[in-house]
Structure formats: C-alpha cells, structure tokens
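A quick write-up on the structure given underneath.
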Amino acid sequence: MKIEESKNPWQTLKIKEVYDNPWIQVSHRDVINPSGGSGIYGWVHFKNLAIGIIPLDKDYNTWLVGQYRYTMGEYSWEIVEGGGPLNEPALNSAEKELKEETGIIAKNWLKIGELATSNSVTDERAIIYVAKDLTFGTPEPEETEQLVVKKIPFQKAVEMVMDGSITDALSVAAILKTKILIEKGEI
C-alpha cells in the first residue's frame, strides 16, 4: 500500500472542548482512525508559539535558566524559553524573553530551527534562535518565575544534555543543533 504523505488519513466526527484557559485549550475528539476504526483523540492546542534562545558570547559561553517545573515535579535546567503570541513576529518574543529572563540584549540573531514539541498530543510549535553580540542588564522575570541564571561554557551545556542533567526537549534539540552548527563554522 502506497501512503500519500500529504493526505490526512484521520476523519474527525465530533469535537468537544473540555478545558480552556489563556494558554491552552484541550479537546476530546471522536475520530475514525487511519485503519477505518472508531477511536478517540485528546488534543492540546497551545495559544502561543514556544520560543527558545541560546545566547552565546564571543568566548562561546551561554546562559542557562534553572527553575522548578510544577508539571514535572522537579527542578530543571533549560535554555532561555518562553511563549510568544501566534500573531506577532517570533523574533520580537525571543528578544523579550532573553531580556526578561537574563537581562541580556543581543544585536545579532540567527534562527536555527523550528520543531513540533510533542506532535502526538499537541499542535505546539517552537522556534529556536542563537543570540550573539550581547550586552547585559538586569533580569525582569514574571511573577510566576523563580529563576536561577548561570553562565557556563557552551560545551558544558552539551555535556549536561549528554549526561541527562538537561532533559527539556526544546533545550536538548537547541543545544545539540547549535553544537553541530558551531562545528560546521556556521555560528
């Protein structure tokens, strides 16, 4: 059987909204699956774009953000991350997040990728940037953020991914892609 990659093999019969807040909407869906059987699907719609930023100075140091993640029940070291309105340029959101969480302002920005954060249950999309030519100010975290910011050599961030100290998916993808781009001389 040849599969048409662009054809959606799912059929939606009914959608019921089960939860809605300013950030996400959760729906229950009755579906016909690709094999023709009846099924259900839970769908989490994100109302913002996920943004990830790796600031790099001229010596290839970066800044990680540590915080307790309520949903995981554990502390997490991550790249600078946040959300941005879907109807605004992603770079504007990235600039805001970097300044808010670290106090850093960057003159040069390189978009290094886009990804689907967990495409089996959500439509959330992410954009990843590397920020360079940095100047430093005072962080201005949101009231929901209790952050620790630490400056480390970028290679240490790679090691933290490899030893399991960094597990956040956006951070893992961004750090490993940045490592490859640095090795190729593109950053």
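The values are calculated or read from the model by the stated rules, or taken from the named source; none is laboratory data. Small disclaimer: the values here were computed from a predicted structure and weren't measured. Quick reminder, even Gly has a Cβ in these numbers, built from the backbone with ideal geometry, and neighbours come from all protein chains shown.
Things to note:
- The set of residues in the range 122-143 that are under 18 Å from the mean Cα position of the chain (by Cα) and at pLDDT below 95 comprises Pro141, Glu142.
- Candidates Lys111, Lys107, Lys96 - the one that is part of a helix (DSSP H, G or I) and either of a type in the set (D, E, K, R) or assigned by TED's automatic domain parsing to the domain that holds Lys156 (or both): Lys96
- All positions within the range 165-187 that are without any contact (Cβ under 8 Å) to a residue 24 or more places away in the chain, within 18 Å of the chain's Cα centre (by Cα) and surrounded by fewer than 16 Cβ atoms within 10 Å (Cβ to Cβ): Leu176
- Scope the range 83-114; condition over 17 Å from Glu142 (Cβ atoms) and touching a residue at least 40 places away in the same chain (Cβ under 8 Å); matching residues: Ala90, Ala106, Leu110, Ile112, Gly113
- Some residue of the range 17-24 being among the acidic types (Asp, Glu), surrounded by fewer than 16 Cβ atoms within 10 Å (Cβ to Cβ) and not assigned by TED's automatic domain parsing to the domain that holds Thr167: yes
- Any hit, the range 110-124, residues being surrounded by 17 or more Cβ atoms within 10 Å (Cβ to Cβ) and closer than 19 Å to Gln67 by Cα: no
- Answer from Gly82, Gly73, Gly66 - the residue that is in the same structural domain as Leu134 (by TED's automatic domain parsing), closer than 16 Å to Leu147 by Cα and buried (at least 19 other Cβ atoms within 10 Å of the Cβ): Gly82
- Checking each residue in the range 69-121 for being within 22 Å of His45 (Cα to Cα), among the charged types (D, E, K, R) and within 13 Å of the chain's Cα centre (by Cα) picks out Glu81, Glu97, Glu114.
- The single residue among Val172, Val158 that is in a helix (DSSP H, G or I) and touching a Lys or Arg at 6+ places or on another chain (Cβ under 8 Å) turns out to be Val158.
- Filtering Thr167, Thr178 for residues that are in a loop (DSSP other than H, G, I, E, B) and either β-branched (Val, Ile, Thr) or at pLDDT 95 or above (or both) leaves a single hit, Thr167.
- Residue within the range 43-63 that is in contact with a helix residue (DSSP H, G or I) (Cβ under 6 Å, 6 or more places away or on another chain), closer than 30 Å to Asp133 by Cα, exposed (fewer than 15 other Cβ atoms within 10 Å of the Cβ) and assigned by TED's automatic domain parsing to the domain that holds Leu170 present: yes
- Residues of the range 1-51 satisfying the condition of being under 18 Å from Gly83 (Cβ atoms) and either in contact (Cβ under 8 Å) with a residue 60 or more places away in the chain or touching a Phe, Trp or Tyr at 6+ places or on another chain (Cβ under 9 Å) (or both): Trp23, Ile24, Gln25, Val26, Val44, His45, Phe46, Lys47, Asn48, Leu49, Ala50, Ile51
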